[in-house]
Amino acid sequence: MTQLLAFVPVLHAGYERFLAEHCGPEDELLLIGRSFAAEHAVVRKEIRALDPEKLLGWLLTLGLIERGRVLEIDDLPSAVTGPVLKAPDEDLIRTLIAEHDLAQRAEVELIPTFLRWDKVWSRAGFLPDWDGTVTADEYARSMQSLAAAAAGRSSDWWRQVGAVAVRDGEVLLVEHNRHLPNEYSPYLDGDPRNDFKRGVEMERTTAIHAEAAIVARAAREGISLRGAELHVTTFPCPGCARLVAEARFSRCYFAGGYSVLNGGEVLQQAGVELIYITPAPGES
């Protein structure tokens with residue numbers, strides 16, 4: 001008998017093919033249960049995840065597997081009885097194999113296949129610091145309110161960001177972060193950000209950021225951003241900082257910062273004045 005260890009947050013055609021190819025009638029599927037979330041962020045942050053027990057029932061009912069059970073974290077490694085353990089070649093699975101010495105209990109075969117985003121497909125980066133001007137004036141806060149209203153239109157589960165381009169008090173463009181090719185991308189295939197902390201390599205995403213959407217729309221509509229102000233609810237990520245710098249914005253107003261900041265030096269070297277908007281009385 002071969003056992004198959006897998007984290008299956010959702011059931012889609014990729015998992016159906018994977019099970020058909022690698023889990024035969026005499027084999028047993030070991031499903032990662034909810035208790036793994038306590039120690040593994042990718043399980044905890046997977047907002048699409050179905051209840052593992054219900055999923056197991058559906059797999060059995062549909063005839064996709066003949067045998068299976070849901071494993072909780074205390075079940076490993078004793079649930080692995082060998083002689084062969086197959087698993088998708090994913091970061092979570094490799095971590096579990098190493099942490100629980102599963103290679104000592106069975107011959108492990110990792111199967112290269114794309115079932116969802118993980119660190120195989122996404123890498124990490126680093127972020128420098130910021131130093132700039134502080135303001136609390138009514139104009140800056142009014143523009144920040146407009147940006148915040150735009151952020152509220154974002155369907156992103158984890159972070160909503162709004163941006164406003166302004167010249168001489170005239171609002172040129174308003175945008176928010178959204179996902180491509182459509183708003184549902186991270187909820188269909190999984191979010192590539194699940195394996196990363198906030199502020200780490202923000203380009204690993206299915207989203208177009210609010211600042212990038214501003215620059216793209218300006219290019220599409222023939223609007224020059226040279227000398228304009230950018231009002232954004234969250235300090236730009238590295239990629240957006242480069243776009244803001246190249247678009248030749250004169251100032252960047254922001255009311256919030258990442259847990260780890262980046263892009264400050266890029267903006268400052270491009271002559272973009274960085275202006276932090278202090279919270280209004282009663283705001284945190």
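The values are calculated or read from the model by the stated rules, or taken from the named source; none is laboratory data. This one's a predicted model, so the numbers in the text were calculated from it and none came from an experiment. Glycine gets a Cβ as well: all are built from the backbone with ideal geometry, and neighbour counts include every protein chain shown. In case anyone asks, the SASA skips ligands and DNA or RNA and just uses the protein heavy atoms, side chains included. Shrake-Rupley method; radii C 1.70, N 1.55, O 1.52, S 1.80 Å.
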Across the range 135-170, which residue is least open to solvent (accessible area, probe 1.4 Å) among those that are assigned to a helix (DSSP H, G or I) and of a type in the set (Ser, Thr, Tyr)? SER142
How many residues, within the range 116-139, are at pLDDT below 90 and more than 20 Å from GLY190 (Cα to Cα)? 14
Out of (1) without any contact (Cβ under 8 Å) to a residue 24 or more places away in the chain; (2) in contact with a Leu (Cβ under 8 Å, 6 or more places away or on another chain), the one GLY57 does not meet is (2)
The range 217-256: number of residues that are more than 13 Å from ALA165 (Cβ to Cβ), open to solvent by 20 Å² or more (accessible area, probe 1.4 Å) and among the hydroxyl-bearing types (Ser, Thr, Tyr): 1
How many residues of the range 48-99 are at pLDDT below 95 and touching a Pro at 6+ places or on another chain (Cβ under 6 Å)? The answer is 3
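If I ask for residues that are closer than 19 Å to GLU39 by Cα, within 31 Å of the chain's Cα centre (by Cα) and open to solvent by less than 70 Å² (accessible area, probe 1.4 Å), which ones from the range 73-97 would you list?
Quick first cut of the range 73-97, residues closer than 19 Å to GLU39 by Cα only: 73-79, 90-97.
With within 31 Å of the chain's Cα centre (by Cα) added as a condition, the list becomes 73-77, 90-97.
If the condition is that a residue be closer than 19 Å to GLU39 by Cα, within 31 Å of the chain's Cα centre (by Cα) and open to solvent by less than 70 Å² (accessible area, probe 1.4 Å), then ILE73, ASP75, LEU76, PRO77, GLU90, ASP91, LEU92, ILE93, THR95, LEU96, ILE97 are the ones that fit.
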Does VAL43 satisfy being closer than 26 Å to PRO186 by Cβ and either acidic (Asp, Glu) or part of a loop (DSSP other than H, G, I, E, B) (or both)? no
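For GLU183, are the conditions met, namely being closer than 30 Å to ILE47 by Cβ, surrounded by fewer than 16 Cβ atoms within 10 Å (Cβ to Cβ), in contact with a helix residue (DSSP H, G or I) (Cβ under 7 Å, 6 or more places away or on another chain) and modelled with pLDDT under 90?
Details: closer than 30 Å to ILE47 by Cβ: yes; surrounded by fewer than 16 Cβ atoms within 10 Å (Cβ to Cβ): yes; in contact with a helix residue (DSSP H, G or I) (Cβ under 7 Å, 6 or more places away or on another chain): no; modelled with pLDDT under 90: yes.
No: the conditions fail for GLU183.
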Is one or more of the residues making up the range 2-14 under 17 Å from ASP189 (Cα atoms), out of contact with any helix residue (DSSP H, G or I) (no Cβ under 9 Å at 6 or more places or on another chain) and outside any strand (DSSP E or B)? yes
When you scan the range 15-47, how many residues do you find that are out of contact with any strand residue (DSSP E or B) (no Cβ under 9 Å at 6 or more places or on another chain) and surrounded by fewer than 16 Cβ atoms within 10 Å (Cβ to Cβ)? 9
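THR113 - would you say it is at pLDDT below 90, under 30 Å from ASP168 (Cβ atoms) and in contact with a strand residue (DSSP E or B) (Cβ under 8 Å, 6 or more places away or on another chain)? Reasoning before the result, please.
On the way: at pLDDT below 90: yes; under 30 Å from ASP168 (Cβ atoms): no; in contact with a strand residue (DSSP E or B) (Cβ under 8 Å, 6 or more places away or on another chain): yes.
It is false that THR113 is at pLDDT below 90, under 30 Å from ASP168 (Cβ atoms) and in contact with a strand residue (DSSP E or B) (Cβ under 8 Å, 6 or more places away or on another chain).
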Note: among PHE18, PHE36, just one is part of a helix (DSSP H, G or I), under 21 Å from the mean Cα position of the chain (by Cα) and under 23 Å from ASN194 (Cα atoms), namely PHE36
Residue count, the range 37-47 (criterion: out of contact with any Phe, Trp or Tyr (no Cβ under 6 Å at 6 or more places or on another chain) and in contact (Cβ under 8 Å) with a residue 40 or more places away in the chain): 5
